[in-house]
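To start, the structure under review is shown below, and the notes come after it.
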Amino acid sequence: MKRKIKEQHSSIIYPHEGSPPPSQDTFAAIGELSRVVRNNPDAVEIYLALGNLYRSQGELERAIQLRTNLIARPHLEPQFKARAWFELGLDYKRAGILDRAQAALEQAHAITGDDPALIKEMARLAADSNNFQIASDYYELLGQPLPQAHYLVRASTQDEEKSRDSKAGYKLLEKALKVYPGSVEAWLEIVSRDYQQENWTNLRFDLKSALKNVHVDLRFALLEGLFQFVSTGPLSRDNEAGPSECSSIVVNIVAELEPDMLLCYYCAIFLKQCGKLDECLEWLEKTLVLGQDFWPARLEMLELSLDDQVMTQSFRTQLMFFLRRARHVKRFVCQRCGLKREQLFFNCPRCYSWHSISFRTQLGE
């Protein structure tokens, strides 16, 4: 799939693709549109809009029946037939019938060709169906290197799980970085494999390259992902030297960079994980110099100082309760729609924006 959609190619499937739906009472709108179509059965646009309202209310059988009736009309213009197939595909996708959704979208594609809105939905459907290579190809067609690289990474891990062929997986990772050098996902997969293989020379080189190429606002995501991998990986259970070696590499690389609050914080938690508590405290202090209101650093410092405090057992119990609850605060937020999550995300599950994640440096955010 080497062709590309021209930037000026506007959508005829869904002219207002990407704009938010109108704010109105949906039930009232359904009633009004139903009255209009009874009086004017040829109002195709109204039928399409009514079907969308049914879908938004979860009345998928009614939406599907309405699209099917439209498609069966003998003299329906190709543009409207394509839109009906397109919406039918979205209905089936919402219902979880992914094979029928794909078939419907392919019918629309046969009429319109490479319509941008249609290709975008086909890409999302391929991703939802775990056809990551196909999803990547669609995003290449759309000229969107970031999601193209993301799904190349997903295809890499998928291929390795199926065939245990690490060479093929690395080729896809290399392609992802060629397509989008700032791909956090690709760099994270590479440094995680370095760690898993205990290849400390490669880890040092690749992590330094990653922090150089990833956007400055997303470098925390790289270290968060690596920290999670180190925390749960087999080396953490079977070989204490693994986490210790990794923390030394992280600290030495970050020490060479311009001071950054989040990077300092991650140095601290890497050091804490392998028991280097004095060094951990030093990096937490550096973190708070750069951001005195940064609550995760203060949380870590409070926990590390508990053994030095004199307090009643009742007070300690209450304090430990609040510390445990504080650790469940959702640390990550989508800068576009405000969705909060505890785990990393590269594509917002609510608004579908890419690499919009940020760290909640203040609890009021």
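The values are calculated or read from the model by the stated rules, or taken from the named source; none is laboratory data. Keep in mind that this is a model prediction, so the values were computed, not measured. Note that we place each Cβ from the backbone using ideal geometry, even for glycine, and neighbour counts take in every protein chain shown. For the accessible areas, the whole protein counts, side chains as well, though only heavy atoms, and no ligand, DNA or RNA atoms are used. Shrake-Rupley method; radii C 1.70, N 1.55, O 1.52, S 1.80 Å.
Which one of the conditions (1) open to solvent by 50 Å² or more (accessible area, probe 1.4 Å); (2) more than 20 Å from D137 (Cα to Cα); (3) modelled with pLDDT of 95 or more does R73 fail to meet, given that it meets all the rest?
Every listed condition holds for R73 apart from (3).
Can you spot a residue in segment 260-282 that is open to solvent by 80 Å² or more (accessible area, probe 1.4 Å) and within 30 Å of E160 (Cα to Cα)?
no
Name every residue in segment 100-120 that is among the acidic types (D, E) and surrounded by fewer than 23 Cβ atoms within 10 Å (Cβ to Cβ), in order of residue number.
E106, D114
Of the conditions (1) surrounded by fewer than 18 Cβ atoms within 10 Å (Cβ to Cβ); (2) closer than 30 Å to A117 by Cα; (3) over 18 Å from the mean Cα position of the chain (by Cα); (4) in contact (Cβ under 8 Å) with a residue 24 or more places away in the chain, D128 clears all except one; give me its number.
(3)
Please go through segment 286-313 and give me each residue that is in a helix (DSSP H, G or I), charged (D, E, K, R), in contact (Cβ under 8 Å) with a residue 12 or more places away in the chain and open to solvent by 70 Å² or more (accessible area, probe 1.4 Å), ordered by number.
Of everything in segment 286-313, just one residue is in a helix (DSSP H, G or I), charged (D, E, K, R), in contact (Cβ under 8 Å) with a residue 12 or more places away in the chain and open to solvent by 70 Å² or more (accessible area, probe 1.4 Å), namely K286.
Yes or no: T112 more than 30 Å from T157 (Cβ to Cβ) and touching a residue at least 60 places away in the same chain (Cβ under 8 Å)?
So T112 passes the test.
If you check R325 against the conditions, is it more than 23 Å from W283 (Cβ to Cβ), open to solvent by 40 Å² or more (accessible area, probe 1.4 Å) and either assigned to a helix (DSSP H, G or I) or modelled with pLDDT of 90 or more (or both)?
In short, yes.
Is it fair to say R336 is farther than 18 Å from L222 by Cα, at pLDDT below 90 and open to solvent by 40 Å² or more (accessible area, probe 1.4 Å)?
No: the conditions fail for R336.
Test L177 against the criterion of being more than 16 Å from A221 (Cα to Cα), at pLDDT 95 or above and assigned to a helix (DSSP H, G or I), and give yes or no. Write out each step before concluding.
Working: more than 16 Å from A221 (Cα to Cα): yes; at pLDDT 95 or above: yes; assigned to a helix (DSSP H, G or I): yes.
Against the criterion (more than 16 Å from A221 (Cα to Cα), at pLDDT 95 or above and assigned to a helix (DSSP H, G or I)), L177 qualifies.
Need pairs with beta-carbon distance below 8 Å; first residue on the phi > 0 side of the Ramachandran plot and open to solvent by 20 Å² or more (accessible area, probe 1.4 Å) and within segment 139-158, second of a type in the set (A, V, I, L, M) and not in a helix (DSSP H, G or I); sequence gap 6+ or separate chains.
Once the first residue is on the phi > 0 side of the Ramachandran plot and open to solvent by 20 Å² or more (accessible area, probe 1.4 Å) and sits in segment 139-158, its partners that are of a type in the set (A, V, I, L, M) and not in a helix (DSSP H, G or I) give G143/I5.
Hey, can you tell me all the residues within segment 219-233 that are small (G, A, S) and either at pLDDT 95 or above or open to solvent by less than 10 Å² (accessible area, probe 1.4 Å) (or both)? Even if it seems obvious, please write down each step before you answer.
Looking only at segment 219-233, we keep the residues that are small (G, A, S), and these are 221, 225, 231, 233.
Within segment 219-233, A221, G225, G233 meet the criteria.
Based on this model, can you work out whether K272 counts as in contact (Cβ under 8 Å) with a residue 12 or more places away in the chain and in a helix (DSSP H, G or I)?
yes
Checking G182 against (1) within 15 Å of V251 (Cα to Cα); (2) surrounded by fewer than 23 Cβ atoms within 10 Å (Cβ to Cβ); (3) of a type outside the set (A, V, I, L, M), which single condition isn't satisfied?
Among (1) within 15 Å of V251 (Cα to Cα); (2) surrounded by fewer than 23 Cβ atoms within 10 Å (Cβ to Cβ); (3) of a type outside the set (A, V, I, L, M), the lone unmet condition for G182 is (1).
Please tell me if L146 is more than 20 Å from L226 (Cβ to Cβ), in contact with a Ser or Thr (Cβ under 8 Å, 6 or more places away or on another chain), assigned to a helix (DSSP H, G or I) and not basic (K, R).
For L146, the condition - more than 20 Å from L226 (Cβ to Cβ), in contact with a Ser or Thr (Cβ under 8 Å, 6 or more places away or on another chain), assigned to a helix (DSSP H, G or I) and not basic (K, R) - is met.
Which ones in segment 90-105 are among the acidic types (D, E) and farther than 14 Å from E61 by Cβ?
Residue satisfying the conditions is D99 alone.
Restricting the search to segment 328-348, which residues are in a strand (DSSP E or B) and in contact with a Cys (Cβ under 6 Å, 6 or more places away or on another chain)?
Within segment 328-348, just C334 meets the criteria.
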